[in-house]
Amino acid sequence: MSPSIRQVRIWDLPTRIFHWSLVICIVGAFITVKAGVLWMDWHMRFGLATIALICFRVIWGLMGPRYARFSHFLKGPRAIVRYLADRSSHAAGHNPLGGWSVVAMLAIFGFQAFSGLFTTDDILASGPLAHLNDDWTATLTGLHKGGEWILVAMVALHVLAVLWYQWVVRQNLVGPMIHGDVLHDASSSIEPASDNTARRVLALALITLLAWGAWWLSTLGAGAVTDFM
């Protein structure tokens, strides 16, 4: 590596694990719902895990390291316009446009997973909260089914954006989300994200608590998936 270039830790380990765990859950949920009713228990497990992951990311966006925080990457319209006019002006982490796409995906995936708690096919499979209110169940079942292809479109758009940055902008977004580091000019003032043992233990405690909450949700209702964990 050139002495004028240095590695800067941008994405902490908990954020990276969250990202790839969410990918697994979204793909797993899509495959299992297409595989038929015999796989619906696994579809629900992936949905419950998604709820735990989304809750983790929201909390981590408030108390996590600098580049994971919403306050770092959620910018106003002017910042987005400036970024589109001169993409080289962006320093580290999510760019202003990408930051809002993160929030959009969290909201859409989160609602899809939440609505799944109330869905039912009136035959074999029901979400753990489907018994609470018939009107909610009917409405959210319809929204859950209708939202499937919105999620597919969002994922496709995300993948296309990553490929565009890789091939057109010549900016690798996948690598840093695997190893956490980005190369920057050694003279830059960019500070690394805090990714120490204390942060990781805090993240582990948080996701453990949220996983327990997801398991508890799975025990509710007549169609409870009690072996979620």
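Looking only at residues in segment 20-36 that are more than 10 Å from the chain's Cα centre (by Cα) and buried (at least 18 other Cβ atoms within 10 Å of the Cβ), the one that is farthest from residue 177 (Cα to Cα) is 33. One residue alone among 10, 31 is within 23 Å of residue 156 (Cα to Cα) and aliphatic (A, V, I, L, M), and that residue is 31.
The residues of segment 1-12 that are crowded, with 16+ Cβ neighbours inside 10 Å and either assigned to a loop (DSSP other than H, G, I, E, B) or at pLDDT 95 or above (or both), listed by number, are 10, 11, 12. The one condition from (1) modelled with pLDDT of 90 or more; (2) buried (at least 18 other Cβ atoms within 10 Å of the Cβ) that residue 161 does not meet is (2). Just one of (1) among the aromatic types (Phe, Trp, Tyr); (2) at pLDDT 95 or above; (3) surrounded by fewer than 19 Cβ atoms within 10 Å (Cβ to Cβ) fails for residue 60. It is (3).
Residues that are touching a helix residue (DSSP H, G or I) at 6+ places or on another chain (Cβ under 6 Å) and surrounded by fewer than 22 Cβ atoms within 10 Å (Cβ to Cβ) within segment 70-79 comprise 70, 72, 74, 75, 79, listed in sequence order. Might you let me know whether segment 111-126 holds any residue that is surrounded by fewer than 20 Cβ atoms within 10 Å (Cβ to Cβ) and assigned to a helix (DSSP H, G or I)? Yes, the conditions are met somewhere in segment 111-126. Filtered by the rule that a residue be in a strand (DSSP E or B) and touching a helix residue (DSSP H, G or I) at 6+ places or on another chain (Cβ under 8 Å), segment 152-186 gives a lone residue, 182. With the requirement that a residue be aromatic (Phe, Trp, Tyr) and over 22 Å from residue 214 (Cβ atoms), what does segment 1-55 give you? The one that is aromatic (Phe, Trp, Tyr) and over 22 Å from residue 214 (Cβ atoms): 11.
Looking across 169, 159, one residue alone is without any contact (Cβ under 8 Å) to a residue 12 or more places away in the chain and on the phi < 0 side of the Ramachandran plot. It is 159.
The values are calculated or read from the model by the stated rules, or taken from the named source; none is laboratory data. This is a predicted model, so every value here is computed, not measured. Counting neighbours? That spans all protein chains shown, and the Cβs are built from the backbone with ideal geometry, glycine included.
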